[in-house]
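See below for the structure under consideration.
Values quoted throughout were computed directly from the atomic coordinates according to the rules given, and no laboratory measurement underlies them. For clarity, every value in this text was computed on a predicted model and none was experimentally measured. Here the Cβ is made from the backbone with ideal geometry for all residues, glycine too, and neighbour counts use every protein chain on show.
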Amino acid sequence: MNAVKNDARRVFVKKGTCSQALFYILNREFGHLQENEERASDPLAGGIMQRGHQCGMLWGSTLAVGAESYRRHKNRDQAIGMAIMATQNLMESFLKRTNTANCREITGCDWKSPLSIAKYFLTGRIFTCFNLAAKWAPEAIRAATEGLSRNQKDLPEQPISCASEVVKKMGASDEEIVTVAGFAGGIGLSGNACGALGAAIWMNNLAWCKKHPGKTPPFFRNPSAKNILQAFDEATNAEILCHKIAGRYFKTIGEHTEFIKNNGCDKLINTLARS
């Protein structure tokens, strides 16, 4: 764990985004690197396309947990449920470290303002993120490992993730469907920024990475990702928080599963899948 802590800053600098850095660090710990999938997480840094919502470290580590859940469980439904539970562990660990899930509150930066971005770098606030990655990376590994080992008795028979439903409609493989599962309900059912949106953006960027192996995606300027974001804003009147879109928080995976089964967010899921 000390080695992970000491190495996290270097990985962050090398990868360029907090989302890709944590995705890589957890994948490395689990023994399965995924170059395309990791690079595809870049637009989730800055709190989804620089909007300042959940920290990219949460998005990236959640993807790693989903990928590991897929490898551990032959049954896809079981893997989806365990990915969501493990993500709840990640969220709890992150909040214990930071007291907030949101990028803008951690960095104090408005990523849409060139002046604010300049201040972020010139005043050295960027080291806040480097230091957070170093401190939280070993804690994230511990939380992920414990979460993936939790008792499965409380899982519904066929757990559903809104994020998984989106990428399924986009033509995702079983592995990709499980990888995004933890985004459900705003990451681990936390009610924060829409996990289905994050899944659609990641899936879209992953398609680009597969077509251009070894190349760096167009980062935040990806026109396809911007189209998804525009369609999302039109469908939700620019409301991005899951608990406001759904009109509720989800206390359990079962509650979220029933909501999606009963066509909750069905129109939004279809809009994102078509965008």
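Brief remarks on what is shown
- Residue separation of D174 and K244 scaled by 0.36 nm, minus their Cα-Cα distance, works out to 22.3 nm of gained length.
- Other residues whose C-beta falls under 11 angstrom from the C-beta of G52 contribute a net charge of +1, scoring Lys and Arg +1 and Asp and Glu -1.
- Trypsin sites (Lys or Arg not before Pro) within the stretch 1-86, DSSP loop, no more than 15 other Cβ atoms inside 10 Å: K74
- Gain in span if fully extended, D110 to K261, counting 0.36 nm per residue against the direct Cα distance: 50.7 nm
- Selection from N270, V180, L206 lying farthest towards where the dipole of the stretch 2-274 points positive, charges on Cβ: L206
- Inter-probe distance in nm under a simple model that places probes 7 Å from Cα toward Cβ, at N151 and F121: 5.1 nm
- Rounded to the nearest 500, the helix-only mean residue ellipticity at 222 nm of the chain stands at -20000 deg cm²/dmol, with each DSSP H run of n ≥ 4 adding -39,500 (n - 2.57).
- Cα gyration tensor of the chain - equivalent ellipsoid semi-axes, whole Å, descending: 25, 22, 18
- Taking the stretch 152-196 and dividing mean pair separation by its residue count, relative contact order in percent (alpha carbons under 8 Å, at least six apart): 35 percent
- Length-normalised contact order of the chain in % [C-alpha pairs under 8 Å, at least 6 apart]: 22 percent
- Local net charge near W208, Cβ-Cβ under 11 Å (Lys/Arg +1, Asp/Glu -1): +3
- Inter-centroid distance (Cα atoms) of the stretch 115-190 relative to the stretch 1-77, Å: 8 Å
- Helices of the chain meeting both criteria, an alpha-carbon length of 15 angstrom or more along the long axis and an average Kyte-Doolittle score not below -0.5, with helices taken as full DSSP H segments, are 18-30, 56-72, 76-98, 126-148, 195-211, 223-236.
- The slack in the chain from K74 to D233, taken as 0.36 nm per residue of separation less the alpha-carbon distance, amounts to 53.6 nm.
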